[in-house]
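Below is one structure, written out as structure tokens; the observations come after it.
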Amino acid sequence: MGELLALAAEAAGGQHHLVAVQLPVSLVMMTPITQALHGRGPLPAAAAGLRVMASAPLHGGELPGMVDQELADIIRPGLTLAQACVLAVASCPGVTHVLIAASSAPHWGEAVDAVAQPSLTVAQLREITGVLASS
């Protein structure tokens with residue numbers, strides 16, 4: 001992230017004018033989440049001065065078919081699989097926004113309800129990444 005900001009500043013001829021960065025973050029691509037849980041990687045680095053928009057939280061719509069209700073219940077009982085996956089991404093340290101595409105109004109409503117939930121704690125996110133790493 002430091003290199004990106006330096007290149008942006010160089011291109012701007014001084015100080016960069018970036019206000020946000022978009023990165024793919026999901027339970028399939030866990031590296032950014034795992035790094036952020038340890039204060040490393042692009043998410044906390046970008047969050048130090050930029051808005052961080054997590055894209056592809058459902059891995060192109062494939063993720064709900066890749067997780068089971070047991071994992072969703074570990075994340076937050078009562079949520080759908082998609083909602084649980086979105087909540088996990090929204091709770092990741094450094095993420096300020098989650099970019100979501102929905103195929104219908106009810107799917108959009110589910111996503112809105114998911115990000116309105118109280119964030120997961122770092123301990124909960126570590127448990128989730130541990131469960132996924134062991135499967």
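Quick notes on this structure:
- Residue within the range 18-36 that is closer than 17 Å to residue 81 by Cβ, assigned to a helix (DSSP H, G or I) and of a type in the set (A, V, I, L, M, F, W, C) present: no
- Of all residues in the range 1-16 being of a type outside the set (A, V, I, L, M) and loosely packed, with under 15 Cβ neighbours inside 10 Å, the one that is nearest to residue 92 (Cα to Cα): 2
- The range 46-67, residues that are in a loop (DSSP other than H, G, I, E, B), open to solvent by less than 30 Å² (accessible area, probe 1.4 Å) and under 19 Å from residue 131 (Cβ atoms): 57, 67
- Residue count for the range 17-29, restricted to those that are at pLDDT 85 or above and either open to solvent by less than 60 Å² (accessible area, probe 1.4 Å) or under 27 Å from residue 123 (Cα atoms) (or both): 9.
- Number of residues in the range 30-45 that are surrounded by fewer than 18 Cβ atoms within 10 Å (Cβ to Cβ) and over 22 Å from residue 61 (Cα atoms): the value is 3.
- Among the residues of the range 1-45, those that are among the β-branched types (Val, Ile, Thr) and in contact with a Ser or Thr (Cβ under 7 Å, 6 or more places away or on another chain) comprise 33, 34.
The values are calculated or read from the model by the stated rules, or taken from the named source; none is laboratory data. Just so it is clear, the model here is predicted, and its values are computed rather than measured. All Cβ positions, even for glycine, are placed from backbone atoms using ideal geometry, and neighbour counts span all protein chains on display. Each accessible area value is taken on the protein alone, full model and side chains, heavy atoms only, with ligands, DNA and RNA left out. Shrake-Rupley method; radii C 1.70, N 1.55, O 1.52, S 1.80 Å.
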